[in-house]
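Below you'll find the structure, written out as structure tokens, and then a few comments.
The values are calculated or read from the model by the stated rules, or taken from the named source; none is laboratory data. Computed from a prediction, not measured in an experiment: that's the story for all the values here. Glycine also receives a Cβ, built like all others from the backbone with ideal geometry; neighbour counts cover every protein chain displayed.
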Amino acid sequence: NDFWEYDPAENRWYRKKNYPREVHFAVGFAIGGKGYVGAGLIAQEINTPCADYPVSPNFHEFDPNAGPIDNETGVPEGTWTQKASTPQGESDHPPSCRVSSRAVGFALEISPGNWKGYIAGGADSNLYEFDPDAGNIDPQTGLPTGEWKGWASTGVVWPTPENLRESMTVFTIGNSAYLGLGRSDTNGDLLAEFWKLEPGEDYRWTRLADFGGTPRELATGFAIGKKGYAGTGQNFQDLADFWEYTPEEN
């Protein structure tokens, strides 16, 4: 549960305040200078079946500029504040395998200055939206706890429910998210599909050109400017190839 900050100007890592509990497969995103981390499975012994892993519904906000000053580094340790718990949704999977198993997290600006966070995919393929400015007021902080909203994995929200996916990759360009790759949770196939998610009243999904490389899971994804990048990962062996995606050309 240790947490670190990287300063590219100094090429240095700074130790921050530990996350409140030990988890793996947690998701995270950033909104307005704060980090949001949560979900995941609570750490157990290696090779413990998914059904035996306790789920972590906890979600926390990280403020990197708060907290006591570290005597060695001279920078704040940061603080963690608990927010509204993640929803568990409806799923045929055991409760501990829902939302929290190998999902991805990202944030989108759905209108000017209006940012929302998202959890998508995992063993539960539902889409969940987090509004940091909604919810009940925390009596200790005087700030909202945030609020979650969820959509079922049917219809237009997740257009291929037969291919529930875990271990996807995601990157964002503008106010759209690009999600793909991963493993089908229905038949175990590795996937090369990519989809574009556009926020709005119905959160429209658009099927894109398939990934140019081998189908895979556990890949890395990020965006630079108006291009997306994805690569590495696993397809029964570790992979090192890397690909660039141009939305205008699809």
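For segment 61-76, which positions are at pLDDT below 95 and assigned to a strand (DSSP E or B)?
ILE69, PRO76
For segment 8-33, enumerate the residues that are at pLDDT 95 or above and farther than 16 Å from PRO64 by Cβ.
ASN11
Could you list, in sequence order, the residues of segment 92-134 that are modelled with pLDDT under 90, in contact with a Gly (Cβ under 8 Å, 6 or more places away or on another chain) and not in a strand (DSSP E or B)?
Those that are modelled with pLDDT under 90, in contact with a Gly (Cβ under 8 Å, 6 or more places away or on another chain) and not in a strand (DSSP E or B): ARG98, VAL99, SER100, SER101, ARG102, ASP124, ASN126.
Among GLY40, GLY35, which is the only one that is buried (at least 18 other Cβ atoms within 10 Å of the Cβ) and in contact (Cβ under 8 Å) with a residue 40 or more places away in the chain?
GLY40
What pairs can you find where one residue is in segment 130-141 and surrounded by fewer than 14 Cβ atoms within 10 Å (Cβ to Cβ), the other is assigned to a loop (DSSP other than H, G, I, E, B), and their Cβ atoms are less than 6 Å apart, with a gap of 6+ or different chains?
The qualifying pairs are ASN136/THR145.
What number of residues in segment 203-229 are under 19 Å from GLY105 (Cα atoms), assigned to a loop (DSSP other than H, G, I, E, B) and in contact (Cβ under 8 Å) with a residue 40 or more places away in the chain?
So the answer is 3.
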